[in-house]
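What follows is a single structure, written as structure tokens, with notes after it.
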Amino acid sequence: MKPKNQHWATVDTYISNLFNPQDDILDAAMRDSMPSGTSMHNISPNQGKLLHMLTLLCKAKNILEIGTFAGYSTIWLARALPDDGHMITLEYNPAHAALAREHLARAGLGTRVTVHEGDARDTLAQLRNGQTDPFDMVFIDIDNKQLYLPLLEQIVPLTHPGTLIVADNAIRDGRVANPNETDGSVTGVQAFNAALAAHPRLMATIVQMVGIKGWDGIALAIVQE
Ligand code: DHB
Ligand code: MG
């Protein structure tokens, strides 16, 4: 992967070397989620650490993730769960889901995490009908950014006041600030960000980030009464 800005990447790596000990399980999940070697659809190690810490702050016992990929972010999130905690992660691509199950088993998280294969919209509809406990923490990182907004509408009813919702790729190289964008992967995020801002039950903001993935960011929302 070629970082877009070498200084950002160097400092990102400096931070990661300081705070993220060598971890064969995470490294393998990272390798398997970069099949093309050119772009990183995964979160970075420092973003993983941040998600882990946010999950601990939430004292999350039930986590929902949308967009599992090879399970890299899943491992960071699930490792913040207490022994009686549980995580559900949704993945469209069966090959990715199989890969994630392997990595989760190797991480000793095979029983703590359930990987649901299929269209996230269908799985969320099933969860809503199935009387699941509300989620304490939700992480959205599905590849199809045009689904962010419709998924949000389905997620909020599965939460409780105090639930933290985090979404990756909120900045997209700064393109979200361009009102003339036509690329669906950007307009999808713009629509999602605007919906977070307008939602009567969400308090939200966006943190922009630079690092080994270039220039992007995460949206954060807390569910209100
Ligand atoms: C890309 C990056 C992501 O974090 C993601 O979730 C999807 C796509 C990308 O760089 O194209
Ligand atoms: Mg992402």
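The values are calculated or read from the model by the stated rules, or taken from the named source; none is laboratory data. Being a predicted model, the structure only gives us computed values, none of them experimental. FYI the Cβ positions are ideal-geometry reconstructions off the backbone, even for glycines, and counts take in every protein chain you see.
Quick notes on this one:
- Gly130 fulfils the conditions (1) at pLDDT below 95; (2) within 16 Å of ligand 2 (Cβ to nearest atom) except for a single criterion, (2).
- Of the residues making up region 53-68, those that are over 10 Å from the mean Cα position of the chain (by Cα) and of a type outside the set (D, E, K, R) number 9.
- Of all the listed residues (Ala107, Ala80), the sole one being modelled with pLDDT of 95 or more and either farther than 14 Å from Ile25 by Cβ or surrounded by fewer than 16 Cβ atoms within 10 Å (Cβ to Cβ) (or both) is Ala80.
- Filter pass, Ser33 being closer than 18 Å to Ile140 by Cβ, within 16 Å of ligand 1 (Cβ to nearest atom) and at pLDDT below 95: yes
- Restricting region 147-168 to residues that are assigned to a strand (DSSP E or B) and farther than 12 Å from Val223 by Cα, the residue that is farthest from ligand 1 (Cβ to nearest atom) is Ala167.
- Ala100 being within 16 Å of ligand 2 (Cβ to nearest atom) and at pLDDT below 95: no
- Candidates Leu56, Leu90, Leu64, Leu81: the one that is at negative phi and assigned to a helix (DSSP H, G or I) is Leu56.
- Output for region 192-225, where each listed residue is surrounded by fewer than 16 Cβ atoms within 10 Å (Cβ to Cβ), more than 16 Å from ligand 1 (Cβ to nearest atom) and either of a type in the set (A, V, I, L, M) or part of a strand (DSSP E or B) (or both): Ala194, Ala197, Ala198, Met203, Thr205
- Just one of (1) surrounded by fewer than 20 Cβ atoms within 10 Å (Cβ to Cβ); (2) out of contact with any Gly (no Cβ under 9 Å at 6 or more places or on another chain); (3) modelled with pLDDT of 95 or more fails for Val166. It is (1).
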